[in-house]
Amino acid sequence: MMDYLRLDEVCNLNMGQSPSSDSYNQEGKGIPFFQGNADFGELYPITRVWCDEPTKIVDKGTLLISVRAPIGALNFATEKSCIGRGLAGLTVKAGYDLKYIYYVLKFKEQELNNKGTGSTFKAISKSSLGEVLVPDISIGKQKDYVKKLDLIQRMLVDEKKQMVQLDMLIKSRFIEMFGELLLNPMAWNEYPLGAVCDKVVRYPTFYGMEYLPSGTRVIRIGNILPDGHMELDDENYVFVYDTVNEDFPETVIELNDIIMAVRGDGSAAKRIGIITEPSLIDANISPNLIRIKVNNTMLNPIYLFYYLTGEVGQKRLDAYVNKTAKKNVAAKDIVKIVTPVPPLPLQNDFASFVHQVDKLKVAAQETLNETQKLFNSLMQQYFG
């Protein structure tokens, strides 16, 4: 049977405290100041602000943990730093490996969040953090666990980088083929989006509809993944009555439709997806989405997707987005977006290139999924 000790028995806990804002600067005066998980990178924080009158200081190598929502994010300090009240610093006592503690806390992230209190922003207290139980094993076994988990984590990082690089390959190919579209050096004809699309439509009447266990699938903003592909797991969709498409035919989804979030906040604002999965044909859309169907004699939908999600398309879309907390853009404004239209054969060549890269992305994602399963399995075996 596994023995456990409290976190505050194996670690020194140093809760952060924000210094006076007068001491903040961006000129590199003093030491780096980290306020919360917004300053975190993959493993190490990113310095944006310095502080010349620090209150709580941590040394190089300290394990940093976010103690305010979201609770549980982890990084290692790369130099002597000041930490604000959104963070705590952990150093180990004799007989414990800090990277081992990192993996224990990484495994217990949900438990840490459950310990958080507060109506607006959850936070975890020093006493609650100290109560977290750590498997009490020999230092040799700790280092053995860390060695294996480090290896798999490096594999995960490399595999995620490969996915990013494939996305960058598509974006660089887009610029190579079509030029910097803001300046339009190749002098492509430009049209308002509405002039080169058959449909740009939204229905605002789904509010209050009863969701059912089955029926007609409804695509919502959350079903659009960050890369523009669509969620495929039925459990993440909602369904409404079977005849909804007869009542709202203009927003019935077809293959190669583009859907755009027209209301949302954070990462959901302006999220854009493209329908390439046959299983989504005949779905309908929520009132926070717009359906865009291109005129196939002028546009390839894959070209339009990468234009709208690229820097120039996003900048032109921003011109029509209101600046409230819940960002909104109207269909009547989306149709005005200036859209360069290169020759259709060139657009089709680009789409063929994207299809080839997508095959590589599918294979890379499958490898990443298997590596993640292996990592999760070991974490469960060691700490569950």
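Given Leu232, Leu299, which one is more than 26 Å from Gly194 (Cα to Cα) and in contact with a Ser or Thr (Cβ under 9 Å, 6 or more places away or on another chain)?
Leu232 is the lone residue from the list that is more than 26 Å from Gly194 (Cα to Cα) and in contact with a Ser or Thr (Cβ under 9 Å, 6 or more places away or on another chain).
So Lys361 ticks every box in (1) surrounded by fewer than 17 Cβ atoms within 10 Å (Cβ to Cβ); (2) assigned to a helix (DSSP H, G or I) but one. Which box is left unticked?
(1)
Identify the single condition in (1) farther than 20 Å from Pro19 by Cβ; (2) surrounded by 18 or more Cβ atoms within 10 Å (Cβ to Cβ) that Thr91 does not satisfy, given that it satisfies every other one.
If we test Thr91 against (1) farther than 20 Å from Pro19 by Cβ; (2) surrounded by 18 or more Cβ atoms within 10 Å (Cβ to Cβ), just (2) comes out false.
For Leu105, state whether it is crowded, with 20+ Cβ neighbours inside 10 Å and closer than 19 Å to Asp8 by Cα.
Yes.
Let's see how each residue does on (1) outside any loop (DSSP other than H, G, I, E, B); (2) within 23 Å of His355 (Cα to Cα); (3) of a type in the set (Gly, Ala, Ser):
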| position | (1), (2), (3) |
| --- | --- |
| Gln142 | yes, no, no |
| Val146 | yes, no, no |
| Asp150 | yes, no, no |
| Met155 | yes, no, no |
| Glu159 | yes, yes, no |
| Asn184 | no, no, no |
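Which of the residues belonging to the range 276-318 are in contact with a Cys (Cβ under 9 Å, 6 or more places away or on another chain) and within 11 Å of Gln347 (Cβ to Cβ)?
Residues satisfying the conditions are Val294, Met298, Leu299, Leu304.
Of everything in the range 146-167 that's hydrophobic (A, V, I, L, M, F, W, C) and surrounded by 14 or more Cβ atoms within 10 Å (Cβ to Cβ), which residue is farthest from Gly228 (Cα to Cα)?
Checking each candidate, the answer is Val146.
Residue-wise test of (1) among the basic types (Lys, Arg); (2) without any contact (Cβ under 8 Å) to a residue 60 or more places away in the chain; (3) buried (at least 18 other Cβ atoms within 10 Å of the Cβ).
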| site | (1), (2), (3) |
| --- | --- |
| Asp234 | no, yes, no |
| Glu250 | no, yes, no |
| Asp257 | no, yes, yes |
| Met260 | no, no, yes |
| Asn295 | no, no, no |
| Asn300 | no, yes, yes |
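Do you know which residues across the range 120-136 are surrounded by fewer than 16 Cβ atoms within 10 Å (Cβ to Cβ) and not in a helix (DSSP H, G or I)?
Thr120, Phe121, Ser125, Glu131, Asp136
Do any residues in the range 366-381 that are within 16 Å of Lys161 (Cβ to Cβ) have Cβ atoms under 8 Å from those of residues that are modelled with pLDDT of 95 or more and acidic (Asp, Glu), where the two are at least six apart or on different chains, and which pairs are they?
Hits for this filter: Thr367/Glu159; Leu368/Glu159; Thr371/Glu159.
Just to be sure, is Lys126 touching a strand residue (DSSP E or B) at 6+ places or on another chain (Cβ under 6 Å), within 25 Å of Gly41 (Cα to Cα) and not assigned by TED's automatic domain parsing to the domain that holds Gln381?
The answer is yes for Lys126.
Within the range 34-68, how many residues are touching a helix residue (DSSP H, G or I) at 6+ places or on another chain (Cβ under 7 Å), polar (S, T, N, Q) and modelled with pLDDT under 95?
0
Assess whether Leu317 counts as being at pLDDT 95 or above, in contact with a helix residue (DSSP H, G or I) (Cβ under 8 Å, 6 or more places away or on another chain) and of a type in the set (A, V, I, L, M).
So Leu317 fails the test.
For every residue, the table says whether it meets (1) of a type in the set (S, T, N, Q); (2) in contact with a Phe, Trp or Tyr (Cβ under 6 Å, 6 or more places away or on another chain); (3) in contact (Cβ under 8 Å) with a residue 60 or more places away in the chain; (4) under 27 Å from Tyr103 (Cβ atoms).
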residue	(1), (2), (3), (4)
Gly36	no, no, no, yes
Glu53	no, no, no, no
Val58	no, no, no, yes
Thr62	yes, no, no, yes
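Looking at the structure I just gave you, is Arg6 out of contact with any helix residue (DSSP H, G or I) (no Cβ under 7 Å at 6 or more places or on another chain), surrounded by fewer than 20 Cβ atoms within 10 Å (Cβ to Cβ) and of a type outside the set (Gly, Ala, Ser)?
So Arg6 fails the test.
The values are calculated or read from the model by the stated rules, or taken from the named source; none is laboratory data. What you see is a predicted model; the values in this text were computed from it and never measured. FYI the Cβ positions are ideal-geometry reconstructions off the backbone, even for glycines, and counts take in every protein chain you see.
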